[in-house]
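The values are calculated or read from the model by the stated rules, or taken from the named source; none is laboratory data. Note that the structure is a prediction, hence the values are computed from the model and not measured. In this analysis, Cβ positions are derived from the backbone assuming ideal geometry, glycine residues included, and neighbour counts consider all displayed protein chains.
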Amino acid sequence: MKRPWYSFLYVRSPIVKIGLGIASLVLTIVLLLFIGIIEERRMEAQTANWAGREIEKGAELYANNCYNCHGMDGKGLPGVAPALHSKYFFTQRLNDIGWSGSLHDYVALTVAAGRPSRVQSQWAQMMPTWSNRFGGPFRDDQVQAVTAFVLNWEEDAMQQGAADNPDPWQYFEDAPSRAVVGEDGAPVAAVTPEPTGPRPPQELFNVMGCLGCHNLDQPQTPNNRGPVGPNLGNLYETAGTHGEDAATYVHNSIVNPNAYISEGYTAGIMPANFGERMSEEEINSLVEWLLDPNRQR
Ligand code: HEC
Ligand code: HEC
């Protein structure tokens, strides 16, 4: 009779049988351990992938909902909203307000609930409520995603402090300490420069933060509109078209921005307190400079 192909399995010796049994058991264990290790790596990669996707989702939410106040790159807009992409924010902010929880919770809570009361008028508008638990538009996972996106600035923000990469933080008027972070990360006192005579318009345009919202070199046309505030490159042509003379229009636009809202823009974005922060002389020189077609930078 022909032996079947599997006849090699007909082992007679009990010792060899036991040996084979043990060998296959060991092999199975080794195999399972191997799969376990691979799976752990795979899960790690998957988790990183999820975290990355959450940040991406957060970036989109940020671009659609937050940038008009906190700036495209999170560095804040003067008088509108504080910087979040800031070394101070990541290192000192929680100390200053005496918050003992994590920064993650602070951001998530602020996003979820907003700052529903307005105790001072440092900022042009209130921080809105975002969570649908409190009447806002975001689901919980969206609050988490935008929080992850904000916290994702930490690494880059920690590089701030050099002259070419300053910390964009704007002090809260009600923060107990006005500490600035020094070279070693320790707080040092902020220096308020003594006012010295009228400042030139070029300087005012920077220190008042106009630069953050207005482009001086681009003209404002229907196809080329400044994203935050109108471009001012052709202001000398457009300023006289509003029914008053150009200088009066520009002057009013600065000291009383909500009196006339440029088409397509929102009231309350441009800070309304420039009249208190510059002297009349400074404002007039700024108006003249903005209307000069050959202005010097
Ligand atoms: C209408 C303007 C506006 C919009 C839109 C806005 N914020 Fe704010 N945000 C503010 C203002 C103003 C403050 C400061 C409020 C205060 O403390 O009085 C603030 C504060 C914050 C703070 C706390 C900062 C700190 O140091 O205390 C975080 C975090 C924050 N906003 C995140 C966001 C995120 C994320 C979004 C988008 C989902 C967003 N904000 C949209 C105006 C805005
Ligand atoms: C936070 C953003 C922001 C800052 C800072 C800001 N502006 Fe504006 N500005 C706007 C917005 C938005 C408008 C359009 C809505 C309006 O008319 O109020 C505007 C309108 C204007 C206009 C009218 C432009 C036109 O074509 O009708 C002028 C002029 C102007 N700003 C000058 C300035 C000057 C000068 C400064 C600094 C002293 C300044 N702005 C600071 C946002 C800003």
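Points to keep in mind about this one:
- Pairs with Cβ under 6 Å, 6+ apart, first in region 265-294 and more than 17 Å from Leu216 (Cα to Cα), second within 16 Å of ligand 1 (Cβ to nearest atom): Ala267/Asn258; Ala267/Ile261; Gly268/Ala124; Gly268/Gln125; Pro271/Gly79; Pro271/Ala124; Ala272/Pro257
- Pairs with Cβ under 6 Å, 6+ apart, first in region 69-89 and touching a residue at least 12 places away in the same chain (Cβ under 8 Å) and under 16 Å from Pro128 (Cα atoms), second surrounded by fewer than 23 Cβ atoms within 10 Å (Cβ to Cβ) and of a type in the set (S, T, N, Q): Gly76/Gln170; Pro82/Gln170
- Condition met for Asn64 (among the polar types (S, T, N, Q), in a helix (DSSP H, G or I), more than 16 Å from ligand 2 (Cβ to nearest atom) and more than 14 Å from the chain's Cα centre (by Cα)): no
- Any chance Pro271 is near ligand 2 (Cβ under 8 Å from one of its atoms) and modelled with pLDDT of 85 or more: yes
- Test: residue in region 114-122 that is out of contact with any strand residue (DSSP E or B) (no Cβ under 9 Å at 6 or more places or on another chain) and not in a loop (DSSP other than H, G, I, E, B): no
- Test result for Val143, β-branched (Val, Ile, Thr), on the phi < 0 side of the Ramachandran plot, within 16 Å of ligand 2 (Cβ to nearest atom) and outside the structural domain of Gly226 (by TED's automatic domain parsing): no
- Looking at region 187-290, the helices (runs of 4 or more DSSP H) lying wholly inside it that each contain 2 or more residues that are under 21 Å from Gly79 (Cβ atoms) and outside the structural domain of Gln125 (by TED's automatic domain parsing) sit at 201-207, 210-213, 246-255, 274-277, 280-290.
- Sole residue being within 16 Å of ligand 1 (Cβ to nearest atom) and within 22 Å of Cys69 (Cα to Cα), chosen from Gly226, Gly209: Gly209
- Among residues of region 253-264, those that are away from ligand 1 (no atom under 16 Å from the Cβ) and in contact with a helix residue (DSSP H, G or I) (Cβ under 9 Å, 6 or more places away or on another chain), counted: 7
- Residue satisfying condition, being surrounded by fewer than 14 Cβ atoms within 10 Å (Cβ to Cβ) and of a type in the set (Lys, Arg), within set Arg41, Arg93: Arg41
- Positions within region 250-276 being under 20 Å from Arg199 (Cβ atoms) and more than 26 Å from the chain's Cα centre (by Cα), in sequence order: Val250, His251, Ser253, Ile254, Val255, Gly275, Glu276
- Meets criteria (among the basic types (Lys, Arg) and either at positive phi or in a helix (DSSP H, G or I) (or both)) for Arg41: yes
- For beta carbons closer than 7 Å, sequence separation of 6+ or different chains, a first residue in region 102-118 that is free of Cβ contacts under 8 Å to residues at least 60 places away in the same chain and under 14 Å from Phe89 (Cα atoms) and a second that is near ligand 1 (Cβ under 8 Å from one of its atoms) and assigned to a helix (DSSP H, G or I), the qualifying pairs are His104/Thr147; Val107/Thr147; Val107/Val150.
- Where Val180 falls short, out of the listed (1) modelled with pLDDT of 80 or more; (2) of a type in the set (Val, Ile, Thr); (3) in contact with an Asp or Glu (Cβ under 8 Å, 6 or more places away or on another chain): (1)
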